[in-house]
1. Scan segment 495-519 residue by residue and report those that are closer than 19 Å to GLU552 by Cα and either over 37 Å from the mean Cα position of the chain (by Cα) or hydrophobic (A, V, I, L, M, F, W, C) (or both).
2. Residues ARG119, ARG132, ARG205: which one is within 27 Å of ALA231 (Cβ to Cβ), touching a strand residue (DSSP E or B) at 6+ places or on another chain (Cβ under 8 Å) and either among the charged types (D, E, K, R) or in a helix (DSSP H, G or I) (or both)?
3. Determine which member of the set PRO425, PRO438 is crowded, with 16+ Cβ neighbours inside 10 Å, in a loop (DSSP other than H, G, I, E, B) and at pLDDT 90 or above.
4. Only one of GLY78, GLY103, GLY91 is in a loop (DSSP other than H, G, I, E, B) and out of contact with any Cys (no Cβ under 8 Å at 6 or more places or on another chain); which?
5. Between residues in segment 184-205 that are at negative phi and without any contact (Cβ under 8 Å) to a residue 12 or more places away in the chain and residues that are hydrophobic (A, V, I, L, M, F, W, C) and surrounded by fewer than 17 Cβ atoms within 10 Å (Cβ to Cβ), which pairs lie under 6 Å by C-beta distance while being six or more apart or on different chains?
6. Determine the pairs where a residue that is without any contact (Cβ under 8 Å) to a residue 40 or more places away in the chain, located within segment 407-419, has a partner that is hydroxyl-bearing (Ser, Thr, Tyr) and open to solvent by less than 20 Å² (accessible area, probe 1.4 Å) with Cβ atoms under 9 Å apart, the partner being 6 or more residues away or on another chain.
7. So which of LEU617, LEU584 ends up being among the hydrophobic types (A, V, I, L, M, F, W, C) and in a loop (DSSP other than H, G, I, E, B)?
8. Hey, could you check segment 318-351 for residues that are of a type outside the set (Val, Ile, Thr), in contact with a helix residue (DSSP H, G or I) (Cβ under 8 Å, 6 or more places away or on another chain) and in a helix (DSSP H, G or I) and say which is most open to solvent (accessible area, probe 1.4 Å)?
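The values are calculated or read from the model by the stated rules, or taken from the named source; none is laboratory data. Predicted model only: the values in this text are computed from it and were never measured. As a convention, Cβ positions derive from the backbone with ideal geometry for all residues, glycine included, and neighbour counts pool all protein chains shown. What goes into the accessible areas is simple: the full protein's heavy atoms, side chains included, and nothing from ligands, DNA or RNA. Shrake-Rupley method; radii C 1.70, N 1.55, O 1.52, S 1.80 Å.
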Amino acid sequence: MLFAPAPSRYPEKLRAFFSRAVSTMAAVRIGDLNPEQQAAVLAPKGPILILAGAGSGKTRVLTYRIAHLLSERKVDVGEVLAVTFTNKAAGEMRERVASLLDGETRLPWVSTFHSACARILRQEAARIGYERNFSIFDESDSMSMMRRVIEEANLPDSPPPEQVRARIEQAKNEAVSPEEMLTTAEGGRGTAIAHLYRLYQERLRAINAMDFSDLQLQTYLLFTQDPEVLARWQSRAAHLLVDEYQDTNHVQYLIVRALAERTQNLCVVGDEDQSIYRWRGADIRNILDFERDYPNAHIFKLEQNYRSTKTILAAAGAVIRNNTERKAKNLWTENDAGEPVTYYTGVTERDEADFIARKIASLVATRGMRPADVVVFYRVNAQSRVLEEALVRRRIAYYVVGGVRFYEQRDIKDLLAYFRVIANPADAVSLERMVGVPPRGIGAKTFEAIAEIAAQENITAFEALGRMEAHSKVALRIAKQAGALYGWMRDLMTRAQSTPVKEILDAVVANSGFEAYLDTLADAPARKQNLAEMLAAASAFDAERSGGGLGEFLERVALVSDADQIDSRGGRVALMTLHTSKGLEYPVVFIAGMEEGLFPHSRSQDSGEEIEEERRLCYVGMTRARNLLYLSNTLSRELYGQRQETRPSRFMAEVDPGLIKRIAPERPSGPIRPLSPRDSYVDYTDSQLPDAESMGGGGGDGLRVGARVIHPAFGRGVIHRREGRGDAAKAWVNFERGGVKLLVLKFANLRLIGD
């Protein structure tokens, strides 16, 4: 078994540097850092690139550098900005900085990219023709708007709305405006999309709204169009620190360049081996070409891993070394060698899922693990169903990250529509949703009348709602309903600035009849639980922010990501896609579906760049593991309604076999190799698994693992797994005609057949 050698000591230059540093930075406990980390923290001003390998303590280095700037170099706290990609990462960084600066009342600005841009735009909105109370549309809101724009444009051969929205989002990530897209369009569908892009932006501006990608594009355009504004924010970010720099897209790159242009005090931290978001615009060249952009940059490499065992680190390193778009790094660790990486192959995805569930049950029962210590990663969301079923069968608590987010559930979005209209009366999209729940008789035709009144009188749709009784286009009963709704909403608007969010929500629920409406629905208990959770969220926000305001609450809600759903305190196994794995670590990691066409994904097969991205994704998943790593695949898999034979992922062949413990099908007379679903399957999972004895044995009926049998309906087959005893005995049988079936032996009417 081969491991990267751990250096016996750091270079003498760093050792001397370390000795000097201990006395100069006692306030932030510089002795907690290794010499390379400490050198990065104490680097002089100017551009800095910190190449931080997986598990090498990059967050610690970032937070210590911030503390060093404030406590030792006496940088004003109002001149420091640190940006990262998730609310979770920003919160952790904030807490660490506060801990290091114990006693300080003023803390630096630590934010996600999108939150930072939203804050800038709130203050500078008038410069770009917006009101500062603009709405932030989530994906479903912007898709609804896109469908409406496409319908109204009535273009011949209009592309599907999903395609149009994806292309517009790509354009915004690349800092391309509608006008620029139109000038470069080559006719046909390209010109149509550019035209729809312009109309979409006009519609958003008309209702004082931006979508998620606008936050960054509008910030960049603001900086390019208004030097005075740029200078103001350059001063606010005189010391700019950027986390996960390898994941920045082009517009983020341009914003960072603009903010750092004056002082050049830019410190970026990242690892090109962990760049996994190319599909949403991330450009690995941003980090690979940092020295080109900043020729005088100081470069530091963090290569000591504090997270994983030597075995896990060696296995992951063997995979990533096959990439060419990377900077050479030699990760090492002083941790123990640990256990081999377990590589399991099942006949079907049900085998794979059951293995994972049984192994989790065993780890909890025999190794003292908690369910919250375990994560199961997969490449595509469709893999989660069979995994969930296996965990349910074993009564193992779990949660899925990346499903429907709480704030995207229908009832919650209905409530948030009221909030968004209170904060931004021009938001006609939210108004239309709001007037329809609970039902008031204000349907599509009535809302058309509202829009017509708004256009005729040059007022917002919300103001038109209050003038319905003066027009004869709708029934008096409906007009009175609209007037009553307008009245109490207008009252809330006047009080919103000084009213806690929880009180606003209470008023909305009480006046709208929302809770009574929920009582009329078949799933009322579940929906009312969502309402209770929303009330709790509003209370928590008020307690935390002490008057942060409705606008700030809505901004936080709009910027929630999948990663913010992760909670290791709930005592549950986490299930998530590999793309959600960044920034996480778990004692036990499972990666399911290590098969060609699934991982690496079939869409990447014809592109060397895409294959390298998939390999980085595999490396990221593997390096989330601290103690135990399990990789699994199958001989056949049903995905998206089709079953097909599979081949092991090429990434499995890149791992040194000496690092692996193999659990797989085998032929009695041959080496381990992929089999057809119709071939025999001999299970030799390790004896620590629950029911292993009964799985490999028989109950005196001769129906043992490997036995050939015949079934009245399914025909000939081979028993490849058995568990339970007596009347509860069950067997998985791989039939020549019907594939794998789970049968209760008492009722199966199986008959042994000779060879």
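1. Once the filter is applied, which keeps residues that are closer than 19 Å to GLU552 by Cα and either over 37 Å from the mean Cα position of the chain (by Cα) or hydrophobic (A, V, I, L, M, F, W, C) (or both), segment 495-519 yields ALA496, VAL501, ILE504, LEU505, ALA507, VAL508.
2. After ruling out the rest, the residue left standing is ARG119.
3. PRO425
4. Step by step, each of GLY78, GLY103, GLY91 is checked, and only GLY103 is in a loop (DSSP other than H, G, I, E, B) and out of contact with any Cys (no Cβ under 8 Å at 6 or more places or on another chain).
5. THR191/ALA185
6. ALA417/SER430
7. Unique residue meeting the criteria: LEU584.
8. The residue in question is ARG350.
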